[in-house]
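Single-structure report; data block below.
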Amino acid sequence: MFWAEYFKNISYMISHIFLMLFIYLFVLHRYTKKKTIVICVLAFFILSFTDCFKLNLFSDSDLCYAVVTVIQIIVTQFTGLLIAKNRDSRVLFMNLSASNYVIAGSVIPDVVYISTQNMIAALLVSIALHLTILLFLYHRIRQIWLQCCEKEYNKSWWELCLIPVFFYCGFSCLAFFPYTLYDNPHNILGVLVFILTMFVSYVVVIRYVESESKNTELYWKNAIFESYIKGLENQYYLVEQSERNLKIMRHDMRHYSGMIDSLLDQGEYENIRKITSHINEVADDNKIVKYCENLIVNTVIARAMEQAQRLKIVMRSDILVPKEIPVNEYEFASVIANLLENAIDCVKNFEQAKRYVEIKVQCTGGHLLLDTKNEYENEIQFHPVTGLPKSGKGGGHGLGMQSVSAFCDKLGGNISSYCEDGVFHMVLFVKF
């Protein structure tokens, strides 16, 4: 009996170590590395200390076991939320899942000890199994999960949190409370099947997360290609129209020339000025506007300019983008399109004096600068962690800002947004 309790204490301590490792590795950190480690170590000592009550001091009390377990659950989940950068339902889902993975790594060593009564072998199996599960998950899903956590999801994960909750309750009832596997070894087979079911379920959930992420990326790639194609169509139409008008003007030039010669003979210089002014106006109306040298960026800006003109929005631009740029031109054009779309959508219903958008774009070999300004009326909500504006339109919106943030993170740049004197500013800067 003494050795069984001794084994339980060490086994629980091993589980708590790996539980804190799971939380540390699968959560984006809010604090520095040193501070995060200190918080996790303190949580480990609290969990180990409370184990003494339910395993040693009051081992025969079901009430003590239940109360201490609830306290340990609260400590574990609070630790994960405390160190997390984004404190939302996704963090809670991963914290609850970490508890389940640790339980899975604790049950099989118990089975080994029950079967062999060899404590050393069971503890070695415990360490090896915990480490195998941790390394497998670290290499297979950690990157996918952290990428998911970096994005500002509009969908709630509260429903998905029920999956690890019910798995945890199931494990507890089958293997630990009110009867342990030592008291009822007939549950061993059921527990093993339950573990297998849990791993399969989590594979499905993680694949779903990965699929959602890829679908979002595909959506924005399709959106920028659609914008690019429409921009090319608009430019092609303008070129055709300009060619027709210029042909007509070339045909009429001999008539204008004759009129000018006749007016010169008569000394009607004012009428000559009116004719030349008319010719200049026709030439200006059929001039193809070129905002920058880069074709992809130019088509996106041209389309935004057309939309702004249609909505009677004044668009002030300062664009310096060469033909060849040091970033993915489709992703860059997508960022510009998203920011201009948000700005135009914000001011389109304002009074005429406030209906304007300013954009400055510079992309050289040394840096990238993107600066937009527009007035606003309704209060803008900013994300407490990223500092970027949140969509007020509910689920399915705000993906454009996620795309902008992901582009900036990819290049290691800085992005900021703020409100000043009724004007909203969005600035993105990258130094190459």
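The values are calculated or read from the model by the stated rules, or taken from the named source; none is laboratory data. None of these values were measured; they are calculated from a predicted model. Cβ: placed from backbone, ideal geometry, glycine included. Neighbour counts: every protein chain shown.
Quick notes
- Boolean, LEU21 is surrounded by 13 or more Cβ atoms within 10 Å (Cβ to Cβ) and assigned by TED's automatic domain parsing to the domain that holds LEU131: yes
- Among the residues making up the range 332-364, those that are polar (S, T, N, Q) and at pLDDT below 90 are SER334, ASN338, ASN342, ASN349, GLN352, THR364.
- The lone exception for CYS148 - which of (1) at pLDDT 80 or above; (2) surrounded by 17 or more Cβ atoms within 10 Å (Cβ to Cβ); (3) not small (Gly, Ala, Ser) it fails: (1)
- Selection status of ILE73, over 18 Å from VAL91 (Cβ atoms) and hydrophobic (A, V, I, L, M, F, W, C): no
- Of all residues making up the range 314-353, the number that are of a type in the set (Ser, Thr, Tyr) and surrounded by 18 or more Cβ atoms within 10 Å (Cβ to Cβ): 1
- Residues within the range 30-66 that are among the aliphatic types (A, V, I, L, M), under 38 Å from the mean Cα position of the chain (by Cα) and surrounded by 15 or more Cβ atoms within 10 Å (Cβ to Cβ), tallied: 5
- Candidates SER48, SER59 - the one that is hydroxyl-bearing (Ser, Thr, Tyr), assigned by TED's automatic domain parsing to the domain that holds MET198 and not in a helix (DSSP H, G or I): SER59
- Residue check for SER417: over 20 Å from ARG355 (Cβ atoms), at pLDDT 75 or above and crowded, with 18+ Cβ neighbours inside 10 Å: yes
- The residues in the range 3-36 that are part of a helix (DSSP H, G or I), over 20 Å from SER97 (Cα atoms), free of Cβ contacts under 8 Å to residues at least 60 places away in the same chain and in contact with a helix residue (DSSP H, G or I) (Cβ under 8 Å, 6 or more places away or on another chain) can be counted, and the count is 3.
- The single condition among (1) out of contact with any His (no Cβ under 9 Å at 6 or more places or on another chain); (2) closer than 18 Å to PHE22 by Cβ; (3) of a type outside the set (A, V, I, L, M); (4) in contact (Cβ under 8 Å) with a residue 60 or more places away in the chain that THR132 does not satisfy is (4).
Each row is one residue, and each column tells you yes or no for (1) over 22 Å from ASN95 (Cβ atoms); (2) surrounded by fewer than 17 Cβ atoms within 10 Å (Cβ to Cβ); (3) at pLDDT 70 or above; (4) not assigned by TED's automatic domain parsing to the domain that holds ASN86.
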| site | (1), (2), (3), (4) |
| --- | --- |
| TYR153 | no, no, no, no |
| TRP158 | no, yes, yes, no |
| PRO164 | no, no, yes, no |
| CYS173 | no, yes, yes, no |
| PRO178 | yes, yes, no, no |
| LEU181 | yes, no, no, no |
| PHE199 | no, yes, yes, no |
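- Here is the figure for the range 68-124: residues that are aromatic (Phe, Trp, Tyr) and outside any helix (DSSP H, G or I) total 0.
- Count of the range 89-116 residues which are under 19 Å from the mean Cα position of the chain (by Cα) and either aliphatic (A, V, I, L, M) or crowded, with 17+ Cβ neighbours inside 10 Å (or both): 5
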